[in-house]
Amino acid sequence: ILILWIERREHRVEIETVDDMDWKRALKVGCAQCLALIPGTSRSGATIIGGLFFGLSRKTAAEFSFFLAIPVMFAATFYDVYKHREFLHSNDLGMFAVGFTAAFFSALIAIRGFIRYVSHHDFTPF
């Protein structure tokens, strides 16, 4: 509901591309990511809402949200691997490589489709 209100409120898009962002606005959107610490709050939803609130276009807010996800996902993955290291064996590397590759390309296709969609439509279905 919040994302629909943010998108429909009277506002002016000041940033059309990620390349146009300055560090202050990037920091503000990054701080909006902290809302995801509230249980049940979507990290990408929080950053997209923050981006829209701080003047980013829908496309730029979605792109920047996914850029912010990269370090978070790497940290979560490495933490999980470290936490379960006693269960990992070298003969499982092939399985991990296949899983990583499938997940990477599936995410790439989904993200491209999402970015393409929000470039021309609003967030109502989400």
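The values are calculated or read from the model by the stated rules, or taken from the named source; none is laboratory data. Remember, it's a predicted structure, so these values are computed and weren't measured experimentally. A quick note on method: Cβ atoms are made from the backbone with ideal geometry, for glycine too, and the neighbour counts reach across all protein chains shown.
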(message) among the small types (Gly, Ala, Ser), within 20 Å of Val18 (Cβ to Cβ) and surrounded by 10 or more Cβ atoms within 10 Å (Cβ to Cβ): is that true of Ser119 in this structure?
(response) yes
(request) Could you tell me whether any residue of the range 101-120 is touching a residue at least 12 places away in the same chain (Cβ under 8 Å) and of a type in the set (Gly, Ala, Ser)? (result) yes
(message) Against the condition in a helix (DSSP H, G or I) and closer than 17 Å to Phe126 by Cβ, how does Thr77 come out, does it pass?
(response) no
(message) Cβ-Cβ under 9 Å, sequence separation 6+ or interchain: first residue in the range 1-20 and closer than 17 Å to Ala46 by Cβ, partner β-branched (Val, Ile, Thr) and not in a loop (DSSP other than H, G, I, E, B). Which pairs?
(response) Leu2/Ile49; Ile3/Ile48; Ile3/Ile49; Ile6/Ile48; Ile6/Ile49; Glu7/Ile49
(message) As an exercise: evaluate Ile6 against (1) over 14 Å from the mean Cα position of the chain (by Cα); (2) part of a helix (DSSP H, G or I); (3) modelled with pLDDT of 90 or more; (4) more than 16 Å from Glu63 (Cβ to Cβ) and give the number of the one condition it does not meet.
(response) (3)
(request) Scan the range 26-49 and give yes if some residue there is over 21 Å from His121 (Cβ atoms), of a type in the set (Ser, Thr, Tyr), out of contact with any Pro (no Cβ under 8 Å at 6 or more places or on another chain) and in a helix (DSSP H, G or I), otherwise no. (result) no
(message) If Ala61 satisfies all but one of (1) surrounded by fewer than 17 Cβ atoms within 10 Å (Cβ to Cβ); (2) in contact with a Gly (Cβ under 8 Å, 6 or more places away or on another chain), what's the number of the condition it fails?
(response) (1)
(message) Given the criteria among the hydroxyl-bearing types (Ser, Thr, Tyr) and over 30 Å from Ser57 (Cα atoms), does Ser90 qualify?
(response) yes
